[in-house]
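Student: Input: one structure, supplied below.
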Amino acid sequence: MELPARLLLLADSRLPAGGHAHSGGLEPAVTAGEVRDVAGLADFLRGRLATAGLVSAALAAAACAHARASGWAWERLDAEADARTPSPAQRKASRAQGRSLLRVARRTWPHPALDALADACREPPHQPLVQGAATAAAGGTPAQAAAISAYGAVTGAASAGVRLLGLDPLAVHGVLADLAPSIDAVAGRASRRPDDWAGLPALSAPALDRYAELHLGADLRLFES
């Protein structure tokens, strides 16, 4: 799938939206001894992509489609995101990243849909919603929003793996290259019916939820989540 340069900015880890401060649940998995090496990281990334990654990508696609329409009802879509994020710690992390990304997006791609999203929710909106709305503001499609989200679901945790475990960056990027077909497949599935909010994927990831809660109460931690 072709991504114009303006959309590549949304997939860039250097975007000043605070993504570098989140490990996607990897840090508590490392602390628990579940991820120790490149092979363990690969397994973690595959599981994250197939569960939380798919859900986030579908929400991003839905938000992109909604931002391109009229008569916005962001509070309803935000509630759908809340319902698909059962862990309070995960919800907190998603909203923290959403707040940071929304600030960047409104400055970089000014658009009425982003302003409406900022005003509609009592709390900062979930990160996938902002990602999807920002993709629309930058002229992207729901399929592209899903691709950006699915890609980010693994690259952030992969980068955290290098920092947490001192893994070989070349080996980690080899894992990401191997995951590319799966990322494309998840993005395709996530963007299949972006207007059917009730039918959006709602896959469970109990291990990630448990790790998120444990991490929130940890005394020492390198990442926010």
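Student: Hey, among SER94, SER87, which residue is within 13 Å of the chain's Cα centre (by Cα), farther than 14 Å from ALA62 by Cβ and touching a residue at least 24 places away in the same chain (Cβ under 8 Å)?
Tutor: SER94
Student: Could you tell me which of the residues HIS215, HIS173 is of a type outside the set (A, V, I, L, M) and in contact with a Gly (Cβ under 8 Å, 6 or more places away or on another chain)?
Tutor: After applying the criteria, what remains is HIS215.
Student: Just checking, which of LEU220, LEU216 is in contact (Cβ under 8 Å) with a residue 24 or more places away in the chain and of a type outside the set (D, E, K, R)?
Tutor: After applying the criteria, what remains is LEU216.
Student: Only one of these is surrounded by 15 or more Cβ atoms within 10 Å (Cβ to Cβ), touching a residue at least 24 places away in the same chain (Cβ under 8 Å) and more than 16 Å from the chain's Cα centre (by Cα): LEU200, LEU164, LEU208. Name it.
Tutor: Result: LEU164 is the single residue among LEU200, LEU164, LEU208 that is surrounded by 15 or more Cβ atoms within 10 Å (Cβ to Cβ), touching a residue at least 24 places away in the same chain (Cβ under 8 Å) and more than 16 Å from the chain's Cα centre (by Cα).
Student: For region 1-49, which positions are among the basic types (Lys, Arg), modelled with pLDDT of 90 or more and farther than 15 Å from ALA207 by Cα?
Tutor: Scanning region 1-49 gives a single hit, ARG36.
Student: Helices (runs of 4 or more DSSP H) wholly in region 1-85 with at least 3 residues that are surrounded by fewer than 24 Cβ atoms within 10 Å (Cβ to Cβ) - which ones? Before the answer, list the steps.
Tutor: Values: elements: 5-11, 26-31, 38-48, 54-67, 74-83.
Result: 5-11, 38-48, 74-83.
The values are calculated or read from the model by the stated rules, or taken from the named source; none is laboratory data. Source: prediction; values computed, not measured. Ideal geometry is used to build each Cβ from the backbone, glycine not excepted, and the neighbour counts take in all protein chains shown.
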